[in-house]
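The numbers here are math on the coordinates, done by the rules we state, and not lab data. Keep in mind that what you see is a predicted model, and the values were worked out from it rather than measured. All Cβ positions, glycine included, derive from the backbone under ideal geometry; neighbour counts span all protein chains shown.
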């Protein structure tokens, strides 16, 4: 099966139960990075939220101050997001196929979403995100901390197959820098949903 279709079907299958069981998973850790991102942005800034999921808590929180476009590959996740976040705009799409004019956004947030994209597409995706940002714009991304690619039959015991693909932390940072970003903060953080870890990065597009 196409891995992107597997991810979409997996999240469709578990959307409501995942939200019920993990309504704010890793919220505190992600919120710390998001607050640093928010502090760098003017009120009314345009923010692209890649892999927005059900929209809570982070898309809703961002939409209080900013104009947010949420993107997800799962119809069920977007249906929940549209219920929970009335102020944002939502798009059903593969993030690698997005087309926006250069300089359309002040910031991009990609939390636990790029790791579902085949890693051979990461370089092109990061270059696209760099182009979507205005000079001086910001990216908050959660990338892989170790090289891995494959699926899990019963993710979180919720009865859905899930798939991941990512590089090690050093390679992920190298791809960001090669795309043109300046890494401001990069830290490996534990994952609240599993025993693994991920690379959290705040990066800036130079003015």
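With log10 I(q)/I(0) by the Debye sum over Cα atoms at q = 0.11, 0.12, 0.17 Å⁻¹ in mind, check [x] -0.46, -0.55, -1.22; [y] -0.52, -0.62, -1.26; [z] -0.63, -0.72, -1.12 and report the label derived from this structure. Derived directly from the coordinates: [x]. Within region 30-177, antiparallel bridges make up roughly 20 percent of the DSSP beta bridges whose residues both belong there. Note: relative contact order over the chain, using C-alpha pairs below 8 Å and six or more positions apart, is 20 percent. Between residue 5 and residue 82, the FRET efficiency from the beta-carbon distance, with R0 = 25 Å, is close to 0.70.
For residue 177 and residue 75, the FRET efficiency from 1/(1 + (r/R0)^6), where r spans their Cβ atoms and R0 equals 35 Å, is about 0.50. The modelled label-to-label distance between residue 92 and residue 40, using points 7 Å beyond Cα along the C-beta direction, is 3.4 nm.
Each residue, residue 20 and residue 197, gets one label point 7 Å from its Cα in the Cβ direction; the gap between the two is 3.5 nm.
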